[in-house]
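Asks: Can you keep this structure in mind? I'll have questions shortly.
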Amino acid sequence: MTAQNSMPHRGRFQAQGYGTEMSKNWSQATASLASQAHCLLNALCEDLSPVERRDREAAFAKAHEYIDRGAKVGGVTPTKKTFPPNARRGQPRVDIEVLAGRAFVPG
Amino acid sequence: MIHHLFADFLDDSNVYRQVVEYWRDLWTRLEPLKRGQLEWIEPWLSTGAPTILDGNPIFSAYSPKLRKGIRVVQYPPASADDVEFDYWLDTYGGDITDPQSIQELVISCALSEESARLSRLVIEPWLSGPVSLQYTSTPIVRNAVIEVMGVGEAA
């Protein structure tokens, strides 16, 4: 187990579909704040090309909404979310993986 | 004409609970012996919090023995005439080269009698053993989709 994997709060954001496969991970000692999560998700968005970004505009918006929704209930536990929920195979999407611990706590 | 089930599941928590039970019931009818042997655990992933009832996922299961998972994302129906259903393979916890990652079968659908039937046909071979990454192209799955949807592959 790597030092990063031993951290109690871990997860990643992924931009997938149409040949895109990019992600941003978090791995930390304390639960990720919603504000940190928004920044990391924005960083992923900024790494995409303008076309890749445009194709996932609604998916990123839904992912940000989920972070806010998580913060309202005090954070979320391990899960995986696909946005948009009605994604089709290979089409542009954004996934959220909370792998361990809590994420998107208020702050 | 599609036979939708629990179409308003996002609007009523009682209906939502019925949908969760529907998927559990569908699951428990599939290959009980193999599910036990392969140590499938259900549920696997939540929606993130008990108060988040968004159907994303509505059902999930995981076999630590196979390092395989199943995740079903359900959304409200948008069509009265088309089966809204698709599936693909993904990984959880790392990319495909990461030995710690879990291979997952993802089903995205609006629940109907038709999409439930497709789900059963797609899940059954996946839960039964070490199916390869070419799973979605195998004849058993392709023929199942042809049979139910009347097309060569899920749209």
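The values are calculated or read from the model by the stated rules, or taken from the named source; none is laboratory data. Quick caveat: nothing in here was measured; it's all calculated off a predicted structure. Counting neighbours? That spans all protein chains shown, and the Cβs are built from the backbone with ideal geometry, glycine included. Ligands, DNA and RNA are excluded from the accessible area calculation, which covers all protein heavy atoms including side chains. Shrake-Rupley method; radii C 1.70, N 1.55, O 1.52, S 1.80 Å.
Asks: Test of understanding: among B:SER108, B:SER63, which residue is within 28 Å of A:GLY11 (Cα to Cα), more than 12 Å from chain A (Cβ to nearest Cβ) and of a type in the set (Gly, Ala, Ser)? Even if it seems obvious, please write down each step before you answer.
Replies: Values: B:SER108 fails: more than 12 Å from chain A (Cβ to nearest Cβ).
Result of the check over B:SER108, B:SER63: B:SER63.
Asks: So, one more: In the stretch B:63-97, which residues are without any contact (Cβ under 8 Å) to a residue 40 or more places away in the chain, open to solvent by 50 Å² or more (accessible area, probe 1.4 Å) and acidic (Asp, Glu)?
Replies: Matches in the stretch B:63-97: B:ASP95 only.
Asks: Could you please find all residues in the stretch A:62-74 being under 11 Å from the mean Cα position of the chain (by Cα) and open to solvent by less than 50 Å² (accessible area, probe 1.4 Å)?
Replies: Scanning the stretch A:62-74 gives A:ALA63, A:HIS64, A:TYR66, A:ILE67.
Asks: Within the stretch B:9-25, which residues are surrounded by 12 or more Cβ atoms within 10 Å (Cβ to Cβ) and touching a residue at least 12 places away in the same chain (Cβ under 8 Å)?
Replies: Residues satisfying the conditions are B:PHE9, B:LEU10, B:TYR16, B:GLN18, B:VAL19, B:VAL20, B:TYR22, B:TRP23, B:ARG24.
Asks: For the stretch A:53-74, enumerate the residues that are under 18 Å from A:GLN36 (Cβ atoms), in contact with a strand residue (DSSP E or B) (Cβ under 9 Å, 6 or more places away or on another chain) and either away from every other protein chain (no Cβ under 12 Å) or of a type in the set (Ser, Thr, Tyr) (or both).
Replies: A:PHE60, A:TYR66 - these are the residues of the stretch A:53-74 that are under 18 Å from A:GLN36 (Cβ atoms), in contact with a strand residue (DSSP E or B) (Cβ under 9 Å, 6 or more places away or on another chain) and either away from every other protein chain (no Cβ under 12 Å) or of a type in the set (Ser, Thr, Tyr) (or both).
Asks: Looking only at the stretch B:1-59, count how many residues are closer than 23 Å to B:GLN103 by Cβ, modelled with pLDDT of 95 or more, assigned to a helix (DSSP H, G or I) and hydrophobic (A, V, I, L, M, F, W, C).
Replies: The number of residues fulfilling the criteria is 3.
Asks: Can I ask one more? Out of curiosity, is B:THR47 out of contact with any Lys or Arg (no Cβ under 7 Å at 6 or more places or on another chain), within 14 Å of chain A (Cβ to nearest Cβ) and not basic (Lys, Arg)? I'd like the intermediate steps shown before the answer.
Replies: Working: out of contact with any Lys or Arg (no Cβ under 7 Å at 6 or more places or on another chain): yes; within 14 Å of chain A (Cβ to nearest Cβ): yes; not basic (Lys, Arg): yes.
The answer is yes for B:THR47.
Asks: Yes or no: the stretch B:109-131 includes at least one residue that is modelled with pLDDT under 90, open to solvent by 60 Å² or more (accessible area, probe 1.4 Å) and β-branched (Val, Ile, Thr).
Replies: Scanning the stretch B:109-131, I find no residue that is modelled with pLDDT under 90, open to solvent by 60 Å² or more (accessible area, probe 1.4 Å) and β-branched (Val, Ile, Thr), so the answer is no.
Asks: In addition: Please verify whether the stretch A:75-83 includes one or more residues that are part of a loop (DSSP other than H, G, I, E, B), facing chain B (nearest Cβ under 9 Å) and crowded, with 20+ Cβ neighbours inside 10 Å.
Replies: Looking for residues that are part of a loop (DSSP other than H, G, I, E, B), facing chain B (nearest Cβ under 9 Å) and crowded, with 20+ Cβ neighbours inside 10 Å, one finds at least one in the stretch A:75-83, hence yes.
Residues are listed down the side, and each one gets a yes or a no for (1) aliphatic (A, V, I, L, M); (2) more than 25 Å from A:ASP68 (Cβ to Cβ):
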position	(1), (2)
B:SER13	no, no
B:ASP25	no, yes
B:GLN37	no, yes
B:ALA49	yes, no
B:SER60	no, no
B:LYS65	no, yes
B:ILE70	yes, yes
B:TYR92	no, no
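Asks: Quick check on the stretch B:46-57. Is at least one of its residues in contact (Cβ under 8 Å) with a residue 40 or more places away in the chain, more than 24 Å from B:ILE2 (Cα to Cα) and either open to solvent by less than 50 Å² (accessible area, probe 1.4 Å) or among the acidic types (Asp, Glu) (or both)?
Replies: No, the stretch B:46-57 contains no residue that is in contact (Cβ under 8 Å) with a residue 40 or more places away in the chain, more than 24 Å from B:ILE2 (Cα to Cα) and either open to solvent by less than 50 Å² (accessible area, probe 1.4 Å) or among the acidic types (Asp, Glu) (or both).
Asks: Additional query: Just name the residue that is nearest to the other protein chains (Cβ to nearest Cβ) out of those in the stretch A:3-33 that are touching a residue at least 12 places away in the same chain (Cβ under 8 Å) and in a loop (DSSP other than H, G, I, E, B).
Replies: Top of the filtered list is A:ASN5.
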